[in-house]
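Enquirer: This is the structure I want to talk about, given as structure tokens.
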Amino acid sequence: ATTLGASAAEQGRYFGTAVAAYKLSDSTYSGILNREFNSVTAENEMKWDATEPTQGSFSYGSADQIVARAKSIGAKVRGHALAWHQQQPGWAQNMSGTALRNAMLNHVTQVATHYKGQIDSWDVVNEAFADGSSGARRDSNLQRTGNDWIEAAFRAARTADPAAKLCYNDYNTDGQNAKSNAVFAMVQDFKARGVPIDCVGFQSHFNAQSPLPSDYQANLQRFANLGVDVQITELDIEGSGTAQANAYGSAVRACLAVTRCNGITVWGIRDSDSWRASGTPLLFDNSGNKKAAYTAALDAL
Ligand code: XIL
């Protein structure tokens, strides 16, 4: 096939992108989105600050626009993210204890219910583990409500939308290291105790300091062996030219080599759409032209 989405579909996978609702009216952006991708993730629009700016008062307009576009082009939707220490509304940032726990669970329930039946995979919990060698949970207001906050969030999401696949998502877990080992132990424990979890997302933000790990495929495979799907959820790779193209090809091949790696999402369309302050980490240049990285990704599918 001649597009990322159609080629991935031939392999039983999806190829998605992060989407910003305010860019949907940009014809270059929209044209590429509609042509190339068969999955979308709201870049910011489903986060807590966007969907519940005031406690108990929900605002879904921008996220609904993205879901509507997905439906019109036949794309899946990855929900991102129900519970996260970042991009919380101010009112939640100032909460703690039982009040915060209940607010978080209500948020999970309300948002997952609003999108019931429309989400392929939800990032139920995002970035809950600490960087470095500790293997510990990240300190956050949510973590301080009790170590069981993650499983409580997953149970609430399952009850609200039983058909959605429920994912844990994180960064710097792409290779085997202390952080990914800690996530691995949590998933193993959830599986053993019947806590609902269906997938693990690997953000895969790569740069010169943190390149594609040599054990990327092996790490995806060890998680898949626990009985969960694995997904590359926020792929971007700093660099340019052949080196960048080769890295994109390797990332796509790593996923395809793992039967349960069922989808890849890049974190934006054109280089100018990237959240990164500088650099050229995506598949299309600022004018929307296909880069060598695009061709390498397509050829790897
Ligand atoms: C980023 C968005 O791309 C930016 O627009 C926003 O300002 C900050 O968040 N990990 C995640 C994503 O899980 O939600 C982040 O998205 C990038 C890092």
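Enquirer: Relative contact order (percent) for the chain, with alpha-carbon contacts under 8 angstrom and 6 or more residues of separation?
Expert: 17
Enquirer: On to the next question. Any idea of the accessible area per residue across the stretch 121-187, 1.4 Å probe, to the nearest Å²?
Expert: Averaged over the residues of the stretch 121-187, the accessible area is 33 Å².
Enquirer: Then there's this: For the stretch 160-215, with all protein chains present and a 1.4 Å probe, just round the carbon and sulfur fraction of the accessible area to a whole percent. If you can, show how the numbers build up before the last one.
Expert: Details: 1040 of 2020 Å².
On the stretch 160-215, the fraction of accessible area on carbon and sulfur atoms equals 51 percent.
Enquirer: Quick check: with the 1.4 Å probe, what order do Glu43, Glu52, Glu10 take by accessible area, largest first?
Expert: In descending accessible area the options line up as Glu10, Glu43, Glu52.
Enquirer: Oh, and also: Can you tell me the accessible area per residue over the stretch 1-116, all protein chains present, probe 1.4 angstrom, in square angstrom?
Expert: Numbers: 4560 Å² over 116 residues.
Each residue of the stretch 1-116 exposes 39 Å² on average to a 1.4 Å probe.
Enquirer: Based on Cβ point charges of +1 for Lys and Arg and -1 for Asp and Glu, what charge dipole magnitude is obtained for the stretch 1-104 about its Cα centre, in debye rounded to the nearest 20?
Expert: Computed charge dipole of the stretch 1-104: roughly 200 debye.
Enquirer: Right, here's the next one. Where does each of Ser274, Ser240 land when they are ordered by accessible area, with a 1.4 Å probe and the largest first? Write out the running numbers ahead of the final one.
Expert: Numbers: Ser274 20, Ser240 75 Å².
Result of the area sort, largest leading: Ser240, Ser274.
Enquirer: Still on this structure: Among Ile269, Gln221, Ala92, whose Cα sits farthest toward the positive end of the charge dipole of the chain (+1 at Cβ of Lys/Arg, -1 at Cβ of Asp/Glu, about the Cα centre)?
Expert: Result: Gln221.
Enquirer: Right, something else. Relative contact order for the stretch 179-260: what percent, with Cα pairs under 8 Å and sequence separation of 6 or more?
Expert: Relative contact order for the stretch 179-260 comes out at 34 percent.
Enquirer: Same structure again: With a 1.4 Å probe and all protein chains kept in place, how much accessible area does Val183 have, in Å² rounded to the nearest 10?
Expert: 0
Enquirer: Starting from 0.36 nm per residue, how many nanometres of slack lie between Arg144 and Arg222 once their C-alpha separation is accounted for?
Expert: In short, 25.1 nm is gained.
Enquirer: Tell me, what does the Kirkwood hydrodynamic radius of the chain come to in angstroms if you use every pair of distinct C-alpha atoms?
Expert: Working: mean 1/r = 0.0521 Å⁻¹.
Result for the chain, one decimal place: 19.2 Å.
Enquirer: Give me the accessible area per residue for the stretch 212-261, probe 1.4 Å, as a whole number in Å². Can you show the working numbers first?
Expert: On the way: 1740 Å² over 50 residues.
That works out to 35 Å² per residue.
Enquirer: If you place +1 on the Cβ of every Lys and Arg, -1 on the Cβ of every Asp and Glu, and leave all else neutral, what size is the dipole of the chain about its Cα centre, to the nearest 20 Debye? Numbers along the way, then the final one.
Expert: Working: 26 positive and 29 negative charges, 102 e Å.
I would put it at about 500 debye.
Enquirer: Right, here's the next one. Test of understanding: what is the full-extension gain from Gln86 to Lys290, defined as 0.36 nm times their sequence separation minus their Cα-Cα distance?
Expert: The Gln86-Lys290 span can extend by a further 70.2 nm.
Enquirer: Residue separation times 0.36 nm, minus the C-alpha to C-alpha distance between Gln93 and Ser214: what's the value?
Expert: Gain on stretching Gln93 to Ser214: 39.8 nm.
Enquirer: If ligands, DNA and RNA are left out, what is the accessible area of Glu127 with a 1.4 Å probe, given in Å² to the nearest 10?
Expert: Glu127 exposes around 20 Å² with every protein chain in place.
The values are calculated or read from the model by the stated rules, or taken from the named source; none is laboratory data. Source: prediction; values computed, not measured. Positions of Cβ are generated from backbone atoms using ideal geometry, with glycine treated the same way; all protein chains shown enter the neighbour counts. What goes into the accessible areas is simple: the full protein's heavy atoms, side chains included, and nothing from ligands, DNA or RNA. Shrake-Rupley method; radii C 1.70, N 1.55, O 1.52, S 1.80 Å.
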